[in-house]
Amino acid sequence: MVDSDEPATDPPAEPGWVRREVAYRGISRRLAAHYLRNLGGDLVGTDDPAEATRVDGDGWRASLAAAEVTAAASITLTEVTVSFAGEEAVLEELLPRFKRKAMRAGG
């Protein structure tokens with residue numbers, strides 16, 4: 001079961017950019033946006049990470065979506081999906097850095 005609070009959308013891409021998508025359970029959209037800001041991105045359309053649906057950086061853009069997913073019978077978790085578009089070399093450096101931050105969020 002997945003209850004989404006907004007649809008996932010791909011961020012705009014420049015010619016030659018590649019796309020990647022990652023999803024993590026147990027972190028919030030606010031925290032994902034905060035991590036992306038710490039990695040050099042700027043929130044688009046808001047100053048509040050909890051409201052962020054897009055973050056743009058140098059050579060990359062990311063769209064954020066959050067959904068409640070059923071992990072087990074009565075256990076639900078937030079799953080955040082981040083859709084990236086960017087220069088391939090930039091994403092090859094950015095995604096592992098983002099993953100390290102997102103993977104340690106739960107403790």
Neighbours by Cβ (under 6 Å, 6+ apart or cross-chain): first from segment 75-86, aromatic (Phe, Trp, Tyr); second outside any strand (DSSP E or B) and at pLDDT 85 or above: 84/91
Spans of strands (runs of 3 or more DSSP E) in segment 31-105 with at least 2 residues of a type in the set (A, V, I, L, M, F, W, C) and under 9 Å from the mean Cα position of the chain (by Cα): 60-72, 75-86
Every pair of residues 6+ apart whose Cβ atoms lie under 7 Å, when the first sits in segment 37-58 and is in contact (Cβ under 8 Å) with a residue 24 or more places away in the chain while the second is assigned to a helix (DSSP H, G or I) and charged (D, E, K, R): 39/97
In segment 67-84, the residues that are open to solvent by less than 30 Å² (accessible area, probe 1.4 Å) and either of a type in the set (D, E, K, R) or closer than 16 Å to residue 10 by Cβ (or both): 80, 81, 82, 83, 84
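The values are calculated or read from the model by the stated rules, or taken from the named source; none is laboratory data. Predicted model, so just to flag it, every value in this text is computed and none were measured. Note that we place each Cβ from the backbone using ideal geometry, even for glycine, and neighbour counts take in every protein chain shown. We work out accessible area using only protein heavy atoms, side chains counted, and drop any ligands, DNA or RNA first. Shrake-Rupley method; radii C 1.70, N 1.55, O 1.52, S 1.80 Å.
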